[in-house]
1. Name every residue in segment 90-125 that is among the aromatic types (Phe, Trp, Tyr) and either at pLDDT 95 or above or assigned to a loop (DSSP other than H, G, I, E, B) (or both), in order of residue number.
2. Collect the residues in segment 47-79 that are part of a helix (DSSP H, G or I) and small (Gly, Ala, Ser), keeping them in residue-number order.
3. Residue 49 fails exactly one of the following numbered conditions: (1) modelled with pLDDT of 80 or more; (2) within 49 Å of the chain's Cα centre (by Cα); (3) surrounded by 10 or more Cβ atoms within 10 Å (Cβ to Cβ). What is the number of that condition?
Amino acid sequence: MAAALGGLRGLAAAAVGRTAGGAPPGARLLWRSCRRPAEPRAGSEPGGQLPEGVEYIPTRKGKNPMKMVGVAWAIGLPSGIVLFLLAKQQVDKNRLEQLKIRRKMMGSNEGEYETERYKRAVRGA
């Protein structure tokens, strides 16, 4: 570990030596990445500021926001299909019951009827 820190200190010292060659502050040099700012921001790295040329690499990955969406789909899709099938079964059961009742009513309506009401209407005509 100490050897690694010593190597990083050497790299940082070499980087500081390169900028001291007369380049104006804020100038982008060829060996520097254009994505990295010329000066490290205060508070962006843990433990204060690191020497120039040393980058902070986070050790813990951020949480994936799509994980919750995946869980919602994994629960919602199968439960929606099951609820649809149960509702369809209930509708079919009610439709069959209504069909039986309608057939009974149609069967009871067949035949000749001799009622007082119709006899009066026929006589009066």
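The values are calculated or read from the model by the stated rules, or taken from the named source; none is laboratory data. Note that the structure is predicted; figures quoted are calculated from it, not measured. For neighbour counting, all protein chains shown are included, and Cβ atoms are generated from backbone atoms with ideal geometry for every residue, glycine included.
1. Pass one, segment 90-125, residues among the aromatic types (Phe, Trp, Tyr): 113, 118.
Selection gives 113 alone.
2. Going residue by residue through segment 47-79, those that are part of a helix (DSSP H, G or I) are 66-79.
Correct list: 70, 72, 74, 76, 79.
3. Of the numbered conditions (1) modelled with pLDDT of 80 or more; (2) within 49 Å of the chain's Cα centre (by Cα); (3) surrounded by 10 or more Cβ atoms within 10 Å (Cβ to Cβ), the odd one out for residue 49 is (1).
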